[in-house]
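J.: I am attaching a structure below and will ask some questions about it afterwards.
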Amino acid sequence: MKKLAFFLFLIICTKAIFCQSDSVLLYKNGAQNSKAKLYALTQQSIKQNLSLALTTETEENWQDAFNAIEVINYQSALVNSKVALAFTQIQNRTPQFQRSLLELCYAKFPVTYNAIVKKTFDTVSHFKILAMCGEYLLLPQNKAKFASAIYTRIENLIKNDSANKTNPFLISLAINARFQMGFAKETPTERALNLLKYVPDFLSKDYLPGNVIVYSFQRKNRNYPGLAIVRSGDGSFVKDKDDTYFSVPQLARSINNLPGYLTNGNTPQGVFKMNGFDVSKLDAIGPTENLQLALPVECTKQQYFNDSAIADNNWQQQDYKNILPKHWRGNVTIYEAFFAGLAGRTEIIAHGTTVNPDYYKGQPYYPHTPTEGCLCTKEIWSNIDGKRVESNQQKLIDAVKKAGGANGYLIVINIEDEQRSVTLKDILPYLKQVN
């Protein structure tokens, strides 16, 4: 969520923007006039930053503009022309600028810049930039026409230097390219049957016994919200007053929709350590408590496995493999969290939101708001006085507290690849296998 800190410069006084009165949370920028002012200021900052000539000294200004464009989903002829200009210089720009430009264009300009991105992919030596270029070329709109070339370049990089065999960017990009080439694909029927057999392995009371676990069931297409449920330390699942399973919708989509192993990409699939509650000071996250999470590699093995006796903190893939149920250990998709941690991703949490959902009207996930790769639940703040009027995040926090607290794990699992939101009805067949 670091990118959303750009909102902070728009706050023109030092007063707190959050407060709590008589247990009612307030977001002072939630009122309609404040939302409009924030949007206008952001729009103005985009125009001002992009009006500067692109030089080494102004790269950060342009990056701020790219970030703001993503967050408020801004479109204009000025943006289009400046993005085109930036691409004419991409190979001469810093990796930070290249990354910011590619993040923006992955979601907003698919296919448009295939030629220059392919040229950059073929020549760049920075592995994160190479991976971002590769993922741009693997966008569905390209219908896999670059997949073979991408895989071949990775093979050659590994042949030329065996150390590249363990590079998380190359491994993850190779996996995605191979899937597009038709390797390791299951038919929809096979996948559904395998999920029915093996998802319950994660849900079983015998898996990580004694730990509170939040399960976030998602679609491969993160445009559709997933669903979170909570298991108590004793292995039972938290239920609502009517004895139905507790659940809340949860979005795992990032603003740019990049794959989860890349910084600011979608929430990666896999097993996170859950390390307590916190309240963010960041405007866009808001004042509702959040769940603190850590990826493997991001934290020590002692912390991740909750075992102070572990002496070696040199993470290996086998370490992560050991926490997976037996039937999942050969499933490459569930290793995304490990490779994300190995690639340097950090600060993924499960939080609420104060971002104006109207920025994303017309999107399949509306009124949810995308993030920088965190798990996000819907919250609504009054247009009149900024009071919190609806909070699925608070419901999730209360459920985790009821289950025993936020010392445990959170597991993101992709289920059937249907083009719709995940519902409790989708999860019940798995739950029936363990209850």
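J.: For the range 225-245, which positions are aromatic (Phe, Trp, Tyr) and either within 20 Å of Gly276 (Cα to Cα) or out of contact with any strand residue (DSSP E or B) (no Cβ under 8 Å at 6 or more places or on another chain) (or both)?
T.: Of everything in the range 225-245, just one residue is aromatic (Phe, Trp, Tyr) and either within 20 Å of Gly276 (Cα to Cα) or out of contact with any strand residue (DSSP E or B) (no Cβ under 8 Å at 6 or more places or on another chain) (or both), namely Phe237.
J.: Let me ask another. Please verify whether the range 327-334 includes one or more residues that are touching a residue at least 60 places away in the same chain (Cβ under 8 Å) and crowded, with 23+ Cβ neighbours inside 10 Å.
T.: There is at least one residue in the range 327-334 that is touching a residue at least 60 places away in the same chain (Cβ under 8 Å) and crowded, with 23+ Cβ neighbours inside 10 Å.
J.: Would you mind telling me which numbered condition in (1) buried (at least 21 other Cβ atoms within 10 Å of the Cβ); (2) in contact with an Asp or Glu (Cβ under 7 Å, 6 or more places away or on another chain); (3) closer than 30 Å to Ala40 by Cβ Gly341 fails?
T.: (3)
J.: While we're on this one: Report, by residue number, each residue of the range 205-229 that is surrounded by 15 or more Cβ atoms within 10 Å (Cβ to Cβ) and over 30 Å from Lys361 (Cβ atoms).
T.: Lys205, Tyr207, Leu208, Asn211, Val212, Ile213, listed by residue number.
J.: Ok, one more. State whether one or more residues within the range 195-206 are of a type outside the set (A, V, I, L, M) and in a strand (DSSP E or B).
T.: Here is the first cut: in the range 195-206, the ones of a type outside the set (A, V, I, L, M) are 197-198, 200-202, 204-206.
When the remaining residues are screened for being in a strand (DSSP E or B), the result is none.
Looking for residues that are of a type outside the set (A, V, I, L, M) and in a strand (DSSP E or B), one finds none in the range 195-206, hence no.
Here's the yes/no breakdown for (1) in contact with a Cys (Cβ under 6 Å, 6 or more places away or on another chain); (2) at pLDDT below 95; (3) in the same structural domain as Gly404 (by TED's automatic domain parsing):
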site	(1), (2), (3)
Asn164	no, no, no
Asn167	no, no, no
Asn176	no, no, no
Lys197	no, yes, yes
Leu203	no, no, yes
Arg222	no, no, yes
Leu227	no, no, yes
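J.: OK, next. Is it fair to say Glu416 is crowded, with 23+ Cβ neighbours inside 10 Å, acidic (Asp, Glu) and touching a Leu at 6+ places or on another chain (Cβ under 9 Å)?
T.: When the stated conditions are applied, Glu416 does not pass them.
J.: Among the numbered criteria (1) assigned to a loop (DSSP other than H, G, I, E, B); (2) touching a residue at least 40 places away in the same chain (Cβ under 8 Å), which single criterion is violated by Pro249?
T.: Of the numbered conditions (1) assigned to a loop (DSSP other than H, G, I, E, B); (2) touching a residue at least 40 places away in the same chain (Cβ under 8 Å), the odd one out for Pro249 is (1).
J.: Another question, then. Give the residue that is farthest from Ala252 (Cα to Cα), with candidates limited to residues of the range 328-340 that are at pLDDT 95 or above and in contact with a helix residue (DSSP H, G or I) (Cβ under 6 Å, 6 or more places away or on another chain).
T.: Only one residue tops the list, namely Arg329.
J.: Out of the residues in the range 167-187 meeting the condition of being in contact with a Leu (Cβ under 8 Å, 6 or more places away or on another chain) and of a type in the set (A, V, I, L, M, F, W, C), tell me which one is farthest from Ala147 (Cα to Cα).
T.: Phe169
J.: What number of residues within the range 122-136 satisfy the criterion of being surrounded by fewer than 22 Cβ atoms within 10 Å (Cβ to Cβ) and out of contact with any Pro (no Cβ under 6 Å at 6 or more places or on another chain)?
T.: Count: 6.
J.: When you scan the range 375-389, do you find a residue that is at positive phi and more than 20 Å from the chain's Cα centre (by Cα), even just one?
T.: So far as the range 375-389 goes, yes, one or more of its residues are at positive phi and more than 20 Å from the chain's Cα centre (by Cα).
J.: Does Phe179 qualify as being under 23 Å from the mean Cα position of the chain (by Cα) and in contact (Cβ under 8 Å) with a residue 40 or more places away in the chain? Walk me through it before giving the result.
T.: Numbers: under 23 Å from the mean Cα position of the chain (by Cα): yes; in contact (Cβ under 8 Å) with a residue 40 or more places away in the chain: no.
Against the criterion (under 23 Å from the mean Cα position of the chain (by Cα) and in contact (Cβ under 8 Å) with a residue 40 or more places away in the chain), Phe179 does not qualify.
J.: Continuing with this model, one more query. Which residues, taken from the range 150-169, are part of a helix (DSSP H, G or I) and surrounded by 21 or more Cβ atoms within 10 Å (Cβ to Cβ)?
T.: Ile150, Ile154, Pro168, Phe169
J.: Among the residues of the range 85-113, write down those that are in contact with a Phe, Trp or Tyr (Cβ under 8 Å, 6 or more places away or on another chain) and surrounded by fewer than 18 Cβ atoms within 10 Å (Cβ to Cβ).
T.: Pro110
J.: Tyr261 - would you say it is surrounded by fewer than 23 Cβ atoms within 10 Å (Cβ to Cβ), touching a helix residue (DSSP H, G or I) at 6+ places or on another chain (Cβ under 7 Å) and assigned by TED's automatic domain parsing to the domain that holds His327?
T.: Criteria not met by Tyr261.
J.: Test Ala53 against the stated conditions and say whether it is of a type outside the set (S, T, N, Q), farther than 29 Å from His368 by Cα, modelled with pLDDT of 95 or more and outside any helix (DSSP H, G or I).
T.: yes
The values are calculated or read from the model by the stated rules, or taken from the named source; none is laboratory data. Note that this is a predicted model, so its numbers are computed, not measured. Positions of Cβ are backbone-derived with ideal geometry, glycine not excepted, and every protein chain shown enters the neighbour counts.
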